[in-house]
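All of the numbers you see were taken from the coordinates with simple rules; none came from a lab. All of these numbers come straight from a predicted model, not from anything done at the bench. Cβ coordinates were reconstructed from backbone atoms using ideal geometry, including for glycine residues, and neighbour counts include every protein chain displayed.
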Amino acid sequence: EIEPLPNQVVYFTSLQYGTPYHLFTRQPLNIKADMDTLLICGIANPRPLKEFLTRRVNTYDMLRYADHHIFDMDDLAEIRKQFNRIRSASKLMLTTEKDAVRLQKFERELKDLPLYVIPIEHVFLFGDGETFSNSVREFIRDFYKQH
């Protein structure tokens, strides 16, 4: 359906989530099936993350914010209030790396909470990662030869 030109190559990728780490201490966390999670999310499409959590944790609630949301003190109060509503002994908060950048400025207010960041990466399907990397390196080499 894509019908690339003879000089074009199409690569397919997927998302892969890594091991969550604490926002401030960087301590890794293995997610367990009995955990109850508050997802703090300000990204355009949280669906893949929600699907990931559905398969991995007991329950999750989500505080969804607009894409590129700038967090403020009212948001922190809402986050604490929602987190305190979770009655489980095994509970945590999870956010994206993108949102973590905007939450880091609240270290004093959040450092005592189990706020973890879930890293994300793109992975090439069909073992094409090395082929893609080689084509980029070749392009750069050719560019420098011509300039």
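Numbers at a glance
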{"item": "Under the span-like rule (Cα at least 20 Å along the axis, Kyte-Doolittle mean at least 1.0), DSSP H helices of the chain", "result": "none"}
{"item": "Cleavage-rule hits, chymotrypsin sites (Phe, Trp or Tyr not before Pro), region 45-85, DSSP coil, Cβ neighbours within 10 Å at most 15", "result": "none"}
{"item": "Lys/Arg +1, Asp/Glu -1 at C-beta; region 83-147 dipole; positive extreme among F139, V123, A89", "result": "A89"}
{"item": "Distant alpha-carbon pairs in the chain (separation over 25 angstrom), percent", "result": "42 percent"}
{"item": "Pairwise FRET efficiency - E3 versus K145, Cβ, R0 = 30 Å, nearest 0.05", "result": "0.45"}
{"item": "Contour minus Cα-Cα distance for A89 and T19 (0.36 nm per residue)", "result": "23.1 nm"}
{"item": "Cleavage-rule hits, trypsin sites (Lys or Arg not before Pro), region 48-147, DSSP coil, Cβ neighbours within 10 Å at most 11", "result": "R87"}
{"item": "Given K81/K111; K50/K91; K32/K81, the pairs whose alpha carbons are separated by over 21 Å", "result": "K32/K81"}
{"item": "Relative contact order (%) - criterion: Cα under 8 Å, at least six apart; region: region 31-110", "result": "43 percent"}
{"item": "Spatial separation of Cα centroids for region 1-46 and region 48-103, in angstrom", "result": "15 Å"}
{"item": "Calculated [θ] (222 nm, deg cm²/dmol) that DSSP helices of n ≥ 4 give over the chain, each run adding -39,500 (n - 2.57)", "result": "-10500 deg cm²/dmol"}
{"item": "Net +/- balance of residues flanking P48 in space, Cβ distance below 13 Å, scoring K and R +1, D and E -1", "result": "+2"}
{"item": "Cα-centre dipole for region 18-117 with unit charges at Cβ (Lys and Arg positive, Asp and Glu negative), debye to 20", "result": "280 debye"}
{"item": "Relative contact order of the chain, pairs being alpha-carbon contacts under 8 Å that are 6 or more residues apart, as %", "result": "34 percent"}
{"item": "Where a label projected 7 Å from the Cα of R56 along Cα→Cβ would reach, residues of region 87-105 with amide N under 16 Å", "result": "91-100"}
